[in-house]
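Here's the structure, in structure tokens; my notes come after.
Since every read-out is calculated from the coordinates, none of them should be taken as a lab result. Just so it is clear, the model here is predicted, and its values are computed rather than measured. Cβ atoms come from the backbone with ideal geometry, glycine included; neighbour counts cover every protein chain shown.
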Number of protein chains: 2
Amino acid sequence: MPDDITPVLLCGGNGTRLWPLSRKSYPKQFAQLIGSESLFQASARRFAGQGFAAPLVITGDPFRFVVTEQLAATELAPRAVVIEPEGRNTAPAVLAAALVLAAHDPQAVMLVAPSDHVVPDAAAFRAAVLAALPRARAGDLVTFGIAPVRAETGYGWLELAPGARADATEPQPLARFVEKPDAGRAAAMLAAGNFLWNAGIFLFSVPAILMAFRLHAPDMLAAVQRSVQGAVADLGFTRLLPEAWAGVPDISIDYAIMEKASNLVVMPYGAGWSDLGGWQAVWQESGPDSAGNVCSAHATAIDCHDTLLRSEAEGLELVAIGVEDIVAIAMPDAVLIVRKSDSQRVKEAVAVLKARGAAQATSFAVDHRPWGWFESLAVGERFQVKRIVVKPGAALSLQSHMHRSEHWIVVAGTAKITIDDQVRLISENQSVYIPLGAHHRMENPGKLPMVLIEVQTGAYLGEDDIIRYQDDYARK
Amino acid sequence: MPDDITPVLLCGGNGTRLWPLSRKSYPKQFAQLIGSESLFQASARRFAGQGFAAPLVITGDPFRFVVTEQLAATELAPRAVVIEPEGRNTAPAVLAAALVLAAHDPQAVMLVAPSDHVVPDAAAFRAAVLAALPRARAGDLVTFGIAPVRAETGYGWLELAPGARADATEPQPLARFVEKPDAGRAAAMLAAGNFLWNAGIFLFSVPAILMAFRLHAPDMLAAVQRSVQGAVADLGFTRLLPEAWAGVPDISIDYAIMEKASNLVVMPYGAGWSDLGGWQAVWQESGPDSAGNVCSAHATAIDCHDTLLRSEAEGLELVAIGVEDIVAIAMPDAVLIVRKSDSQRVKEAVAVLKARGAAQATSFAVDHRPWGWFESLAVGERFQVKRIVVKPGAALSLQSHMHRSEHWIVVAGTAKITIDDQVRLISENQSVYIPLGAHHRMENPGKLPMVLIEVQTGAYLGEDDIIRYQDDYARK
């Protein structure tokens, strides 16, 4: 419907605070942290249905196929997936989204929301958005203010104007934005009762936000406009022009616009919200048992209190005995143990590993690609074993290697294999050999995922020993 | 030399207290817990050199090839490796060792020692053994008494006779054995000064210990004698007769003999000893740093105190932040977190996992075999990928499978492969296919370990789908 609200899902993030489950290569919005869907999927679903148009997603290049794959699983088609050449905080992302929307629907109303938040009562939140819609249509910038439940120093706060009500069911006048406070100030605001948390969720019309940028950030508007005008369509993605984007400042929408604008209102929301800003929040949102423990499958607490114990792999048993106030996250390549009340310090672990050159700081063993995924099962002196899973209908690029030959054994499904000028189908329990230098390609012509074990042999086995001749996903 | 002392290394154990590094399938004496050798290797080395003959090892069937492999690495050849049909505590093991020795050297002097203890000053311990030798030759049963450093309730204690000195450098008269005390009694003994820990290490002559069994356990003597007389030599192992062993009681040498014998003396030893009876002891013996932390490679402590952090795999990073008094042992298939002062409770973790049917309770992903080892790299619905490493000169059995076919890809070294009536050599980067039902065998004819990736396909992939036609290691 032309009057529907367009959700704009901000989907960047660098994944430090929930390491090791969230890493730069696959940040937290894509992980199954709470429930059976990713936070990103839950966010897309939250803003779907009556009154909402298809979402616009703004993300980084490495995540574009994860976005389409996860959206496809929810059966929600995106209106657009906009790719930022580099992450530049929220102001340029919101502005780019507004300009992309303006090209097709100059009067559109956009709901801007991070895609890594938890909102247990989605219907209540949708109702709050719809309640704020008239003010957004009227040209105001609506920010959502969360009823605070603790003296949080990690968020900005919103001060209501005199006479405004923190538990109102329609937008209220706002006195001002308050930057992240110290503990004393946070406690005072919690006690005062006329302060709300700033959740970074906004509702406004395209004309209203463009006007605000014109007033408060005209240089940024010009640069982002060039980047959007020069954007190219690429396999369904909207790729912003990198040259123009390079000059865009790294700045939040709060700082660039909201703290300066005068046409602001706040929509109070009190039915539960979390930004899962650390493991302590995950523990809280997961619903601890009577002893205060949260245990995943394959995690066992013996005589423990107030723990979050997560095993993130089928074949990995985590057992804790006699510990208290502990978060333990176990993965086959990385284990984190942190005092729950210290869980904001996880970034120190990432920093230490990064300094030591450990890949676990930023990457996973499983690598997501447009055609599916692969993982390294074993690495030896002159060999590597991988499990490769190719989605139905998908194909890897036509490629060759300078330094390695490969054995492929299909263990599930059927593969269509090209080696130089030969094409053949190989099925479960059949194998082929790819000599060094041969042009080769692997496709899954079937209806089910195809699983293949690849054994590489050679003196150099890096991912960069690849020459691509043709690629369905326009990779170089 | 005929007068040399024969070390008798007791090498059973079920590996519960140091789970997950120590498991029933590969107990703690074989693990690298302290330093660069296993405890078993360090024990064999401790009692080697001037005055000591080649050791007799008494172990269980599953460990026989680990014993020979680890001894080979120390370049110490065993006098005999005796295999108990089943573990029956220390009395039957010591008696069997005495009877095996008696057949060749009726006057031999034997030093009985568990193979999972830590003795930092091996030379000092050897000196203590040699100082006690005259009393052993004279027919006394010498027990070694460790100078106590805490009110330990987990050990038995030894009470010196009136007038004996706890710091003497030669054997002292013993008043009596004290069973594991309660905390109050332990504190009193520690304070009294005339008590030592019973370490379960003994020195005596074969005639003296056989006489003691004749006096105090004549039924056991008869049963073990039948088992030794019926023993068979099998690939260099001495296999006790299982039928006779079935009637042997499960009883310690302390209880069966030492608490009853009158010809006992104690050799005090005060230069450091630990039985590594739990993770707390490993922490202690590993030499904590100034903050009380012990970190292995790939383990990082950030603002921690009094922790033992061990990563047991190259590709596994363990990071702890802000925790105290914690032991964390990380392996790719199991992670243990336990309050250090609770580390005797590790057996509860094993019990929980066993009840749940988790293989990690008792087994490792790596499986040691006489010909080398293998590990499962990935298991899927109808496939499994293994890495197989075959020692130079070794061969797997000639076998066939009813439910699976196999692809083998050699990634290091050269394999001699038999498939039905064909024999061929395949080298790095070559592969073969073993059809379901084919008789096949894999050998390593080379001088270096051969590494092979095996991809199995089939509806049933258990280790028990194997029909053996010929086996160098006499397995069924």
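Structural remarks
- The residues packed around A:P268, meaning those with a beta-carbon under 10 Å from its beta-carbon, carry a net charge of -1 if Lys and Arg are +1 and Asp and Glu are -1.
- Here the stretch A:425-442 and the stretch B:332-390 have alpha carbon centers that stand 34 Å from each other.
- In terms of other Cβ atoms within 10 Å, A:K447, B:K260, B:K24 run from fewest to most in the order A:K447, B:K260, B:K24.
- Centre-to-centre separation between the Cα atoms of the stretch B:73-87 and those of the stretch A:231-266: 72 Å.
- Applying the criteria of a DSSP loop state and at most 14 other Cβ atoms within 10 Å to the GluC sites (Glu not before Pro) of the stretch B:111-188 yields B:E179.
- With the simple model of a label 7 Å out from the Cα in the direction of the Cβ, A:A187 to A:R382 spans 6.8 nm.
- Radius, Kirkwood style, for the stretch B:8-132 when every pair of distinct Cα atoms is counted (Å): 14.8
- Per residue convex hull volume, Cα atoms of the stretch B:189-252, in Å³: 146
- The dipole here belongs to the protein assembly as shown: it is taken about the Cα centre, uses +1 on the Cβ of Lys and Arg and -1 on the Cβ of Asp and Glu, and is about 340 debye.
- Size descriptors for the stretch A:366-470, from the alpha-carbon set: Rg then Dmax equal 12.6, 37 Å.
- Listed by Cβ neighbour count within 10 Å, with the fewest neighbours leading, B:Y269, A:Y473, A:Y26 appear as A:Y473, A:Y26, B:Y269.
- Residues of the stretch B:320-345 with amide N under 17 Å of a point placed 7 Å along Cα→Cβ from A:D289: B:337
- Rounded to 5, the percent of DSSP beta bridges in the protein assembly as shown classed as antiparallel: 65
- Each copy carries a label point for B:S341 at 7 Å from Cα toward Cβ; from one copy, the others' points are 1.8 nm away, ordered from shortest.
- Three-way shape call for the stretch B:12-59 based on the alpha-carbon gyration tensor, with the a/c threshold at 1.5: oblate
- Cα shape, chain B, gyration tensor, a/c 1.5 rule: oblate
- Separation between Cα centres of the stretch A:310-326 and the stretch A:120-156, rounded to whole Å: 37
- Applying the criteria of a DSSP loop state and at most 15 other Cβ atoms within 10 Å to the trypsin sites (Lys or Arg not before Pro) of the stretch B:115-211 yields B:R150, B:R165.
- Whole-number percent relative contact order across the stretch B:15-69, with pairs defined as alpha carbons under 8 Å at least 6 apart: 20
- Building the convex hull from the alpha-carbon atoms of the protein assembly as shown and averaging its projection over directions returns 44.6 nm².
- Shape category assigned to the stretch A:279-357 from the gyration tensor of Cα positions, a/c cut at 1.5: oblate
- All Cα pairs of the stretch B:234-332, percent lying beyond 16 Å: 72
- Under a model in which nothing but the beta-carbon of Lys, Arg (+1) and Asp, Glu (-1) is charged, the stretch B:5-269 shows a dipole of about 140 debye around its Cα centre.
- Folded to 0 to 90 degrees: helix A:346-355 orientation relative to chain A principal axis, Cα: 40
- For peptide B:403-409, the mean count of partner chain Cβ atoms within 10 Å of a residue's Cβ comes to 4.
- Once C-alpha pairs closer than 8 Å and six or more residues apart are averaged by separation and normalised to the residue number of chain B, the relative contact order reads 13 percent.
- Cross-link pairs beyond the 19 Å C-alpha cut-off, checked among A:K391/A:K447; A:K28/A:K391; B:K24/B:K354; A:K386/B:K447; B:K24/B:K386; A:K391/A:K416: A:K28/A:K391; A:K386/B:K447; B:K24/B:K386
- In terms of other Cβ atoms within 10 Å, B:C295, A:C11, A:C304 run from fewest to most in the order B:C295, A:C304, A:C11.
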